[in-house]
Amino acid sequence: MGQAMPSIRTIPLATGNLRTRQHVPNNAWPPKPLSWGQPLQDVFTCHPKGPAFGSKAKPVDVSWECRQRLVSPEALVTLIEGAKSPHVGKLPHKLIGKTPATIAWLQLDKLASVLRTLDNDPLPAFQFSVDPKRTESQTITCEFVAKGKLGGKTYRLTTPQDSFLFKVFFFPENVAMHGAWGEIAAGQFLSQWAIKDCSRFYAGNPKAGWLLDEWISPEEDPNQRGGPWLKDVMKRFNLQLHDDEGLNRSPRKILWDKGGICYAASPGGTDSDAKEASTSSDEGINAPKPLPKPQELPEKEQVALFENGLKLPATRLETIRRLGDYSPELRFELFKKALPHPDITAWAAHLIHRLPEEQRKEAYEHALTHYPATHQKASHMIWYLKPEDKPGAVQLALRYPASKLNVVGGIGYTGVDETLSEQINRQLPALLQDILTEQGFNARVKPLVTTPESIGS
(Lines give C-alpha, C1' and ligand atoms only; values in the text may rest on other atoms or scores of the structure.)
Protein backbone atom coordinates (compact mmCIF):
# COMPACT_ATOMS: atom_id res chain seq x y z
CA MET A 1 0.00 0.00 0.00
CA GLY A 2 2.87 2.35 0.72
CA GLN A 3 4.75 1.70 -2.53
CA ALA A 4 4.82 4.33 -5.28
CA MET A 5 2.75 3.53 -8.34
CA PRO A 6 4.70 2.56 -11.51
CA SER A 7 4.73 4.84 -14.56
CA ILE A 8 1.66 4.59 -16.78
CA ARG A 9 3.76 3.07 -19.58
CA THR A 10 5.42 0.48 -17.34
CA ILE A 11 2.41 -0.67 -15.33
CA PRO A 12 2.32 -4.40 -16.09
CA LEU A 13 -0.55 -6.80 -16.18
CA ALA A 14 -1.83 -8.39 -13.02
CA THR A 15 -0.37 -11.67 -14.20
CA GLY A 16 2.07 -12.85 -16.82
CA ASN A 17 -0.31 -15.58 -17.97
CA LEU A 18 -3.11 -14.18 -20.11
CA ARG A 19 -5.22 -17.26 -19.36
CA THR A 20 -5.11 -16.65 -15.59
CA ARG A 21 -7.60 -13.85 -15.06
CA GLN A 22 -8.31 -13.11 -11.43
CA HIS A 23 -10.56 -10.10 -10.99
CA VAL A 24 -10.67 -8.08 -7.82
CA PRO A 25 -14.05 -9.04 -6.31
CA ASN A 26 -16.66 -6.31 -6.50
CA ASN A 27 -17.02 -4.36 -3.22
CA ALA A 28 -13.67 -5.70 -1.97
CA TRP A 29 -11.80 -2.75 -0.53
CA PRO A 30 -8.95 -2.17 -0.12
CA PRO A 31 -7.86 -4.36 -3.05
CA LYS A 32 -5.26 -7.08 -2.55
CA PRO A 33 -1.69 -6.26 -3.71
CA LEU A 34 -1.32 -6.93 -7.42
CA SER A 35 1.07 -9.55 -8.73
CA TRP A 36 2.98 -7.77 -11.48
CA GLY A 37 3.94 -9.74 -14.58
CA GLN A 38 3.84 -9.13 -18.34
CA PRO A 39 4.37 -5.42 -19.30
CA LEU A 40 1.53 -3.50 -20.91
CA GLN A 41 3.49 -2.76 -24.09
CA ASP A 42 3.94 -6.49 -24.73
CA VAL A 43 0.20 -6.78 -25.32
CA PHE A 44 0.35 -4.02 -27.92
CA THR A 45 3.29 -5.56 -29.82
CA CYS A 46 1.66 -9.01 -29.83
CA HIS A 47 -1.46 -7.96 -31.69
CA PRO A 48 -1.18 -4.37 -32.97
CA LYS A 49 -3.89 -5.07 -35.55
CA GLY A 50 -5.23 -8.39 -34.36
CA PRO A 51 -3.77 -11.88 -34.78
CA ALA A 52 -2.44 -12.71 -38.24
CA PHE A 53 -4.35 -15.20 -40.39
CA GLY A 54 -3.53 -18.71 -39.26
CA SER A 55 -2.02 -17.51 -35.99
CA LYS A 56 -2.82 -19.41 -32.79
CA ALA A 57 -2.46 -16.24 -30.73
CA LYS A 58 -5.61 -15.20 -28.93
CA PRO A 59 -7.16 -11.76 -29.51
CA VAL A 60 -6.85 -9.20 -26.74
CA ASP A 61 -9.58 -9.28 -24.08
CA VAL A 62 -10.22 -5.53 -23.88
CA SER A 63 -12.59 -5.70 -20.91
CA TRP A 64 -10.06 -7.62 -18.82
CA GLU A 65 -7.16 -5.36 -19.79
CA CYS A 66 -9.12 -2.26 -18.79
CA ARG A 67 -9.63 -3.67 -15.30
CA GLN A 68 -5.91 -4.14 -14.65
CA ARG A 69 -4.98 -0.45 -14.92
CA LEU A 70 -6.47 2.84 -16.07
CA VAL A 71 -5.98 2.63 -19.83
CA SER A 72 -5.46 5.91 -21.70
CA PRO A 73 -7.81 6.71 -24.62
CA GLU A 74 -5.08 6.10 -27.20
CA ALA A 75 -4.10 2.81 -25.53
CA LEU A 76 -7.74 1.72 -25.70
CA VAL A 77 -7.68 2.34 -29.46
CA THR A 78 -4.67 0.02 -29.75
CA LEU A 79 -6.27 -2.66 -27.59
CA ILE A 80 -9.47 -2.66 -29.65
CA GLU A 81 -7.45 -2.98 -32.86
CA GLY A 82 -6.18 -6.30 -31.48
CA ALA A 83 -9.58 -7.53 -30.30
CA LYS A 84 -12.46 -9.37 -31.94
CA SER A 85 -14.99 -6.82 -30.77
CA PRO A 86 -14.98 -3.13 -29.79
CA HIS A 87 -17.43 -3.82 -26.94
CA VAL A 88 -16.20 -3.23 -23.40
CA GLY A 89 -17.78 -4.50 -20.17
CA LYS A 90 -20.84 -6.70 -19.72
CA LEU A 91 -24.49 -6.00 -20.46
CA PRO A 92 -26.57 -6.47 -17.29
CA HIS A 93 -29.16 -9.24 -17.25
CA LYS A 94 -31.80 -6.80 -15.97
CA LEU A 95 -31.45 -4.87 -19.24
CA ILE A 96 -31.31 -7.61 -21.87
CA GLY A 97 -33.17 -10.46 -20.15
CA LYS A 98 -32.79 -13.76 -22.01
CA THR A 99 -31.62 -12.11 -25.23
CA PRO A 100 -28.16 -13.31 -26.35
CA ALA A 101 -25.54 -10.66 -25.63
CA THR A 102 -24.35 -10.64 -29.27
CA ILE A 103 -27.82 -9.52 -30.43
CA ALA A 104 -28.22 -6.99 -27.62
CA TRP A 105 -24.83 -5.38 -28.33
CA LEU A 106 -25.74 -4.83 -31.98
CA GLN A 107 -29.16 -3.46 -31.05
CA LEU A 108 -27.57 -0.88 -28.74
CA ASP A 109 -25.04 0.03 -31.45
CA LYS A 110 -27.95 0.77 -33.80
CA LEU A 111 -29.84 2.64 -31.11
CA ALA A 112 -26.86 4.95 -30.55
CA SER A 113 -26.62 5.64 -34.28
CA VAL A 114 -30.30 6.60 -34.49
CA LEU A 115 -30.23 8.78 -31.36
CA ARG A 116 -27.10 10.60 -32.51
CA THR A 117 -28.99 11.74 -35.60
CA LEU A 118 -31.62 13.44 -33.45
CA ASP A 119 -30.48 16.95 -32.58
CA ASN A 120 -33.41 17.73 -30.36
CA ASP A 121 -34.52 17.81 -26.77
CA PRO A 122 -36.81 16.53 -25.60
CA LEU A 123 -37.50 13.45 -27.72
CA PRO A 124 -40.76 11.48 -27.48
CA ALA A 125 -40.25 8.41 -25.35
CA PHE A 126 -40.48 5.07 -27.12
CA GLN A 127 -40.40 1.37 -26.32
CA PHE A 128 -38.43 -1.23 -28.25
CA SER A 129 -37.56 -4.92 -28.01
CA VAL A 130 -34.00 -5.98 -27.34
CA ASP A 131 -34.45 -8.73 -29.91
CA PRO A 132 -36.89 -7.53 -32.60
CA LYS A 133 -37.28 -11.07 -33.98
CA ARG A 134 -38.56 -12.50 -30.69
CA THR A 135 -41.89 -11.26 -29.39
CA GLU A 136 -41.12 -12.49 -25.86
CA SER A 137 -37.81 -10.56 -25.60
CA GLN A 138 -37.21 -7.83 -23.03
CA THR A 139 -38.97 -4.50 -23.68
CA ILE A 140 -37.02 -1.30 -22.98
CA THR A 141 -38.41 2.22 -22.64
CA CYS A 142 -36.07 4.95 -23.90
CA GLU A 143 -36.57 8.48 -22.54
CA PHE A 144 -34.56 11.60 -23.26
CA VAL A 145 -32.78 13.08 -20.21
CA ALA A 146 -30.38 15.86 -21.19
CA LYS A 147 -28.08 17.24 -23.85
CA GLY A 148 -24.54 18.33 -22.98
CA LYS A 149 -22.63 21.18 -24.56
CA LEU A 150 -19.68 19.12 -25.80
CA GLY A 151 -19.91 15.48 -24.70
CA GLY A 152 -23.19 13.98 -25.81
CA LYS A 153 -26.81 13.23 -24.98
CA THR A 154 -28.14 11.07 -22.17
CA TYR A 155 -31.18 8.82 -22.10
CA ARG A 156 -32.85 6.66 -19.49
CA LEU A 157 -33.40 3.03 -20.46
CA THR A 158 -36.03 1.40 -18.26
CA THR A 159 -37.06 -2.25 -17.99
CA PRO A 160 -39.52 -3.85 -15.56
CA GLN A 161 -36.51 -4.69 -13.36
CA ASP A 162 -34.34 -1.57 -13.34
CA SER A 163 -33.23 1.70 -15.01
CA PHE A 164 -29.93 2.53 -16.72
CA LEU A 165 -28.28 5.63 -18.13
CA PHE A 166 -27.46 5.43 -21.85
CA LYS A 167 -25.05 8.09 -23.09
CA VAL A 168 -24.57 8.79 -26.80
CA PHE A 169 -21.49 10.83 -27.72
CA PHE A 170 -21.61 13.46 -30.46
CA PHE A 171 -18.25 12.51 -32.02
CA PRO A 172 -17.05 8.92 -31.40
CA GLU A 173 -13.98 9.62 -33.56
CA ASN A 174 -12.70 12.12 -30.98
CA VAL A 175 -10.17 10.09 -28.98
CA ALA A 176 -9.87 12.08 -25.76
CA MET A 177 -10.29 11.91 -21.99
CA HIS A 178 -13.56 13.83 -22.29
CA GLY A 179 -15.28 11.51 -24.74
CA ALA A 180 -16.33 7.92 -25.33
CA TRP A 181 -12.79 6.51 -25.28
CA GLY A 182 -11.74 8.16 -22.03
CA GLU A 183 -15.02 7.67 -20.17
CA ILE A 184 -15.34 3.99 -21.11
CA ALA A 185 -11.72 3.25 -20.11
CA ALA A 186 -12.16 5.00 -16.75
CA GLY A 187 -15.57 3.45 -16.18
CA GLN A 188 -14.39 -0.10 -16.82
CA PHE A 189 -11.45 0.29 -14.43
CA LEU A 190 -13.60 1.75 -11.65
CA SER A 191 -16.37 -0.83 -12.19
CA GLN A 192 -14.41 -3.30 -10.04
CA TRP A 193 -15.82 -1.63 -6.92
CA ALA A 194 -19.20 -0.31 -5.88
CA ILE A 195 -18.12 3.29 -5.13
CA LYS A 196 -20.25 5.45 -2.87
CA ASP A 197 -20.05 8.67 -4.89
CA CYS A 198 -19.57 7.37 -8.45
CA SER A 199 -22.05 5.75 -10.81
CA ARG A 200 -21.13 2.26 -11.92
CA PHE A 201 -20.16 1.58 -15.53
CA TYR A 202 -21.65 -1.53 -17.14
CA ALA A 203 -20.82 -1.57 -20.83
CA GLY A 204 -19.94 0.53 -23.87
CA ASN A 205 -18.64 0.68 -27.42
CA PRO A 206 -16.21 3.59 -28.00
CA LYS A 207 -16.22 3.05 -31.76
CA ALA A 208 -20.02 3.36 -31.87
CA GLY A 209 -19.86 6.17 -29.30
CA TRP A 210 -22.06 5.00 -26.41
CA LEU A 211 -21.88 3.75 -22.85
CA LEU A 212 -24.27 2.23 -20.34
CA ASP A 213 -24.09 3.32 -16.70
CA GLU A 214 -25.94 2.83 -13.46
CA TRP A 215 -28.96 5.13 -13.22
CA ILE A 216 -28.48 7.68 -10.43
CA SER A 217 -31.54 9.64 -9.33
CA PRO A 218 -30.99 13.25 -8.25
CA GLU A 219 -32.12 12.34 -4.71
CA GLU A 220 -29.78 9.36 -4.22
CA ASP A 221 -27.60 9.75 -1.12
CA PRO A 222 -23.98 8.53 -1.41
CA ASN A 223 -23.89 7.89 2.34
CA GLN A 224 -26.49 5.16 1.85
CA ARG A 225 -24.38 3.37 -0.77
CA GLY A 226 -21.77 0.69 -0.04
CA GLY A 227 -18.11 0.65 -0.98
CA PRO A 228 -15.23 3.14 -0.75
CA TRP A 229 -15.31 6.85 -1.56
CA LEU A 230 -13.99 7.89 -4.96
CA LYS A 231 -11.19 9.98 -3.42
CA ASP A 232 -9.85 6.84 -1.68
CA VAL A 233 -9.81 4.89 -4.95
CA MET A 234 -8.11 7.80 -6.73
CA LYS A 235 -5.46 8.04 -4.00
CA ARG A 236 -4.83 4.28 -3.96
CA PHE A 237 -4.10 4.18 -7.69
CA ASN A 238 -2.49 7.65 -8.01
CA LEU A 239 -5.30 9.04 -10.14
CA GLN A 240 -6.69 12.53 -10.53
CA LEU A 241 -9.98 13.88 -11.84
CA HIS A 242 -10.11 16.94 -14.07
CA ASP A 243 -13.36 18.82 -14.54
CA ASP A 244 -15.02 17.81 -11.26
CA GLU A 245 -17.51 20.65 -11.29
CA GLY A 246 -21.00 21.66 -12.36
CA LEU A 247 -23.31 19.00 -13.77
CA ASN A 248 -20.64 16.27 -13.76
CA ARG A 249 -22.04 15.29 -10.34
CA SER A 250 -25.58 14.78 -9.14
CA PRO A 251 -27.19 17.22 -6.70
CA ARG A 252 -26.03 14.85 -3.91
CA LYS A 253 -22.47 14.86 -5.32
CA ILE A 254 -22.39 11.42 -7.01
CA LEU A 255 -20.10 11.50 -10.05
CA TRP A 256 -21.92 10.47 -13.22
CA ASP A 257 -19.49 11.87 -15.81
CA LYS A 258 -16.11 10.12 -15.63
CA GLY A 259 -14.43 12.20 -18.33
CA GLY A 260 -11.08 13.63 -17.24
CA ILE A 261 -9.80 10.80 -15.01
CA CYS A 262 -6.09 10.12 -15.57
CA TYR A 263 -2.90 9.23 -13.71
CA ALA A 264 -1.48 11.93 -11.46
CA ALA A 265 2.20 12.85 -11.40
CA SER A 266 4.34 10.66 -9.17
CA PRO A 267 5.55 12.13 -5.86
CA GLY A 268 8.97 12.74 -7.43
CA GLY A 269 7.46 14.53 -10.37
CA THR A 270 9.14 12.25 -12.91
CA ASP A 271 6.06 10.70 -14.43
CA SER A 272 6.01 12.31 -17.87
CA ASP A 273 3.10 10.11 -18.88
CA ALA A 274 0.88 11.67 -16.24
CA LYS A 275 1.85 15.08 -17.56
CA GLU A 276 0.85 14.02 -21.06
CA ALA A 277 -2.44 12.62 -19.78
CA SER A 278 -3.28 15.78 -17.87
CA THR A 279 -2.70 17.97 -20.92
CA SER A 280 -4.98 15.96 -23.23
CA SER A 281 -8.51 17.31 -23.14
CA ASP A 282 -11.54 17.81 -25.36
CA GLU A 283 -9.14 18.88 -28.08
CA GLY A 284 -8.39 15.17 -28.48
CA ILE A 285 -5.10 13.36 -29.05
CA ASN A 286 -5.48 12.75 -32.77
CA ALA A 287 -2.94 15.46 -33.62
CA PRO A 288 0.42 14.68 -31.98
CA LYS A 289 1.90 18.14 -32.59
CA PRO A 290 0.36 21.61 -32.96
CA LEU A 291 0.02 22.64 -36.60
CA PRO A 292 1.53 25.95 -37.78
CA LYS A 293 -0.60 29.11 -37.95
CA PRO A 294 -1.81 29.19 -41.57
CA GLN A 295 -3.44 32.59 -42.11
CA GLU A 296 -0.21 34.52 -42.68
CA LEU A 297 0.96 32.07 -45.38
CA PRO A 298 0.37 32.60 -49.12
CA GLU A 299 -2.85 31.02 -50.36
CA LYS A 300 -1.14 28.15 -52.18
CA GLU A 301 0.79 27.25 -49.06
CA GLN A 302 -2.39 27.37 -46.98
CA VAL A 303 -4.09 24.92 -49.33
CA ALA A 304 -1.03 22.65 -49.30
CA LEU A 305 -0.92 22.77 -45.49
CA PHE A 306 -4.59 21.81 -45.25
CA GLU A 307 -4.25 19.00 -47.80
CA ASN A 308 -1.22 17.60 -45.99
CA GLY A 309 -3.17 17.64 -42.74
CA LEU A 310 -5.91 15.55 -44.38
CA LYS A 311 -3.52 12.86 -45.59
CA LEU A 312 -2.98 11.26 -42.18
CA PRO A 313 -5.81 10.07 -39.90
CA ALA A 314 -3.80 11.35 -36.92
CA THR A 315 -3.99 14.98 -38.11
CA ARG A 316 -7.36 15.14 -39.90
CA LEU A 317 -9.48 16.06 -36.90
CA GLU A 318 -7.20 18.88 -35.77
CA THR A 319 -6.94 20.10 -39.37
CA ILE A 320 -10.69 20.54 -39.86
CA ARG A 321 -11.09 21.99 -36.38
CA ARG A 322 -8.74 24.78 -37.40
CA LEU A 323 -10.76 25.69 -40.48
CA GLY A 324 -11.37 29.15 -39.00
CA ASP A 325 -7.62 29.84 -38.92
CA TYR A 326 -7.42 29.92 -42.72
CA SER A 327 -8.15 32.87 -44.97
CA PRO A 328 -11.95 33.39 -45.28
CA GLU A 329 -11.88 33.27 -49.08
CA LEU A 330 -10.31 29.77 -48.96
CA ARG A 331 -12.52 28.15 -46.34
CA PHE A 332 -15.30 26.91 -48.63
CA GLU A 333 -12.76 25.25 -50.91
CA LEU A 334 -11.08 23.62 -47.90
CA PHE A 335 -14.47 22.65 -46.46
CA LYS A 336 -15.24 20.69 -49.65
CA LYS A 337 -11.83 18.98 -49.50
CA ALA A 338 -12.56 17.72 -45.98
CA LEU A 339 -16.03 16.28 -46.63
CA PRO A 340 -14.92 13.12 -48.53
CA HIS A 341 -13.04 11.83 -45.45
CA PRO A 342 -15.61 9.76 -43.49
CA ASP A 343 -13.87 10.18 -40.14
CA ILE A 344 -14.31 13.99 -40.21
CA THR A 345 -17.35 14.53 -42.46
CA ALA A 346 -19.65 15.26 -39.53
CA TRP A 347 -17.04 17.57 -37.99
CA ALA A 348 -16.86 19.57 -41.22
CA ALA A 349 -20.64 20.04 -41.19
CA HIS A 350 -20.46 21.07 -37.54
CA LEU A 351 -18.05 23.89 -38.48
CA ILE A 352 -20.15 25.45 -41.25
CA HIS A 353 -20.33 28.65 -39.19
CA ARG A 354 -16.62 29.13 -39.89
CA LEU A 355 -17.44 29.87 -43.52
CA PRO A 356 -18.31 33.37 -44.76
CA GLU A 357 -22.08 33.86 -44.42
CA GLU A 358 -22.65 34.28 -48.16
CA GLN A 359 -21.14 30.81 -48.83
CA ARG A 360 -22.99 28.85 -46.16
CA LYS A 361 -26.11 28.14 -48.24
CA GLU A 362 -24.07 26.62 -51.05
CA ALA A 363 -21.96 24.68 -48.54
CA TYR A 364 -25.09 23.34 -46.84
CA GLU A 365 -26.64 22.20 -50.13
CA HIS A 366 -23.39 20.61 -51.29
CA ALA A 367 -22.88 18.74 -48.02
CA LEU A 368 -26.46 17.53 -47.65
CA THR A 369 -26.77 16.41 -51.28
CA HIS A 370 -23.50 14.48 -51.54
CA TYR A 371 -22.56 13.34 -48.01
CA PRO A 372 -25.17 11.44 -45.91
CA ALA A 373 -22.93 11.66 -42.84
CA THR A 374 -23.75 15.39 -42.66
CA HIS A 375 -27.48 14.71 -42.28
CA GLN A 376 -27.09 14.34 -38.52
CA LYS A 377 -25.96 18.00 -38.46
CA ALA A 378 -28.70 19.42 -40.68
CA SER A 379 -30.50 21.49 -38.05
CA HIS A 380 -27.17 22.74 -36.70
CA MET A 381 -26.14 23.94 -40.16
CA ILE A 382 -29.51 25.60 -40.84
CA TRP A 383 -29.13 27.70 -37.70
CA TYR A 384 -26.15 29.52 -39.26
CA LEU A 385 -27.84 30.32 -42.60
CA LYS A 386 -29.38 33.66 -43.50
CA PRO A 387 -33.05 33.93 -42.39
CA GLU A 388 -34.26 34.03 -45.99
CA ASP A 389 -32.36 30.81 -46.79
CA LYS A 390 -33.71 28.74 -43.89
CA PRO A 391 -37.16 27.68 -45.24
CA GLY A 392 -35.59 26.30 -48.43
CA ALA A 393 -32.90 24.55 -46.39
CA VAL A 394 -35.56 22.88 -44.26
CA GLN A 395 -37.38 21.64 -47.37
CA LEU A 396 -34.13 20.17 -48.73
CA ALA A 397 -33.51 18.35 -45.44
CA LEU A 398 -37.00 16.82 -45.56
CA ARG A 399 -36.04 14.89 -48.72
CA TYR A 400 -33.68 12.52 -46.86
CA PRO A 401 -34.74 10.24 -43.95
CA ALA A 402 -31.86 11.02 -41.58
CA SER A 403 -31.78 14.78 -42.16
CA LYS A 404 -35.57 14.87 -42.08
CA LEU A 405 -35.57 13.25 -38.66
CA ASN A 406 -32.80 15.58 -37.52
CA VAL A 407 -34.56 18.73 -38.67
CA VAL A 408 -38.00 17.68 -37.45
CA GLY A 409 -36.53 16.70 -34.10
CA GLY A 410 -34.35 19.79 -33.82
CA ILE A 411 -36.55 22.36 -35.52
CA GLY A 412 -36.21 24.60 -32.48
CA TYR A 413 -32.49 24.91 -33.20
CA THR A 414 -32.90 26.03 -36.80
CA GLY A 415 -34.19 29.53 -36.10
CA VAL A 416 -37.15 29.26 -38.52
CA ASP A 417 -40.38 31.13 -37.70
CA GLU A 418 -42.71 29.65 -35.08
CA THR A 419 -45.49 28.75 -37.55
CA LEU A 420 -43.19 26.51 -39.60
CA SER A 421 -41.59 25.18 -36.44
CA GLU A 422 -44.93 24.10 -34.93
CA GLN A 423 -46.09 22.60 -38.23
CA ILE A 424 -43.00 20.45 -38.56
CA ASN A 425 -42.74 19.55 -34.88
CA ARG A 426 -46.11 17.77 -35.04
CA GLN A 427 -44.55 15.24 -37.41
CA LEU A 428 -41.90 14.08 -34.92
CA PRO A 429 -43.66 11.10 -33.24
CA ALA A 430 -44.82 9.61 -36.55
CA LEU A 431 -41.46 10.22 -38.19
CA LEU A 432 -39.55 8.70 -35.29
CA GLN A 433 -41.81 5.65 -35.53
CA ASP A 434 -41.02 5.29 -39.24
CA ILE A 435 -37.26 5.64 -38.71
CA LEU A 436 -37.16 3.07 -35.91
CA THR A 437 -39.17 0.63 -38.01
CA GLU A 438 -36.85 1.15 -40.99
CA GLN A 439 -33.84 0.43 -38.76
CA GLY A 440 -35.33 -2.90 -37.68
CA PHE A 441 -36.59 -1.89 -34.25
CA ASN A 442 -39.79 -3.46 -32.97
CA ALA A 443 -40.72 -0.10 -31.43
CA ARG A 444 -43.72 1.91 -30.31
CA VAL A 445 -43.38 5.69 -29.94
CA LYS A 446 -45.33 7.29 -27.09
CA PRO A 447 -47.35 10.42 -27.87
CA LEU A 448 -46.25 12.24 -24.73
CA VAL A 449 -42.91 14.08 -24.33
CA THR A 450 -40.94 13.39 -21.17
CA THR A 451 -39.64 16.17 -18.97
CA PRO A 452 -35.81 16.28 -19.06
CA GLU A 453 -33.90 16.12 -15.80
CA SER A 454 -30.63 17.91 -15.07
CA ILE A 455 -27.71 15.60 -15.56
CA GLY A 456 -24.09 16.06 -16.62
CA SER A 457 -23.13 14.98 -20.11
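Table for the structure above
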item	result
Residue match in the range 100-108 (condition: in a helix (DSSP H, G or I), over 20 Å from the mean Cα position of the chain (by Cα) and surrounded by 18 or more Cβ atoms within 10 Å (Cβ to Cβ))	no
Single condition S217 does not satisfy, out of (1) over 13 Å from the mean Cα position of the chain (by Cα); (2) not in a loop (DSSP other than H, G, I, E, B)	(2)
Residues located in the range 80-98, provided they are assigned to a loop (DSSP other than H, G, I, E, B) and either on the phi > 0 side of the Ramachandran plot or in contact (Cβ under 8 Å) with a residue 40 or more places away in the chain (or both)	P86, H87, K90, L91, P92, G97, K98
Check on V145, touching a residue at least 40 places away in the same chain (Cβ under 8 Å) and over 24 Å from V445 (Cβ atoms)	no
Qualifying residue in the range 414-429 (condition: at pLDDT below 90 and closer than 26 Å to I320 by Cα)	yes
Within the range 364-378, considering residues that are of a type in the set (S, T, Y) and buried (at least 24 other Cβ atoms within 10 Å of the Cβ), the one nearest to R116 (Cα to Cα)	T374
Residue in the range 347-391 that is nearest to F170 (Cα to Cα), counting only those that are in contact with a His (Cβ under 8 Å, 6 or more places away or on another chain) and charged (D, E, K, R)	K377
Residue within the range 352-363 that is small (G, A, S) and open to solvent by 10 Å² or more (accessible area, probe 1.4 Å) present	no
Among (1) of a type outside the set (D, E); (2) in contact with a Cys (Cβ under 9 Å, 6 or more places away or on another chain); (3) part of a strand (DSSP E or B) - the single one G182 does not satisfy	(3)
Qualifying helices (runs of 4 or more DSSP H) (wholly inside the range 297-377; at least 2 residues being at pLDDT below 90 and at negative phi)	313-321, 345-350
Search result, residues across the range 144-166 that are touching a Phe, Trp or Tyr at 6+ places or on another chain (Cβ under 9 Å), in a loop (DSSP other than H, G, I, E, B) and surrounded by fewer than 22 Cβ atoms within 10 Å (Cβ to Cβ)	G148, L150, D162
The lone exception for Q127 - which of (1) over 25 Å from G259 (Cα atoms); (2) in a loop (DSSP other than H, G, I, E, B) it fails	(2)
Search result, residues across the range 379-392 that are in a helix (DSSP H, G or I), open to solvent by 10 Å² or more (accessible area, probe 1.4 Å) and closer than 18 Å to P356 by Cα	H380, W383, P387, E388, D389, K390
Count - residues of the range 78-91 that are more than 17 Å from the chain's Cα centre (by Cα) and at pLDDT 95 or above	2
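Quick grid of which residues meet (1) open to solvent by 10 Å² or more (accessible area, probe 1.4 Å); (2) at pLDDT 90 or above; (3) not basic (K, R):
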{"position": "V168", "(1), (2), (3)": "no, yes, yes"}
{"position": "V175", "(1), (2), (3)": "yes, no, yes"}
{"position": "F189", "(1), (2), (3)": "no, yes, yes"}
{"position": "W193", "(1), (2), (3)": "no, yes, yes"}
{"position": "F201", "(1), (2), (3)": "no, yes, yes"}
{"position": "A208", "(1), (2), (3)": "yes, yes, yes"}
{"position": "E214", "(1), (2), (3)": "yes, yes, yes"}
{"position": "R225", "(1), (2), (3)": "yes, yes, no"}
{"position": "V233", "(1), (2), (3)": "no, yes, yes"}
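The values are calculated or read from the model by the stated rules, or taken from the named source; none is laboratory data. Note that the structure is predicted; figures quoted are calculated from it, not measured. So basically every Cβ, Gly included, is an ideal-geometry build from the backbone, and we count neighbours across all protein chains shown. Remember, those area values only see protein heavy atoms, side chains included, never the ligands or the DNA or RNA. Shrake-Rupley method; radii C 1.70, N 1.55, O 1.52, S 1.80 Å.
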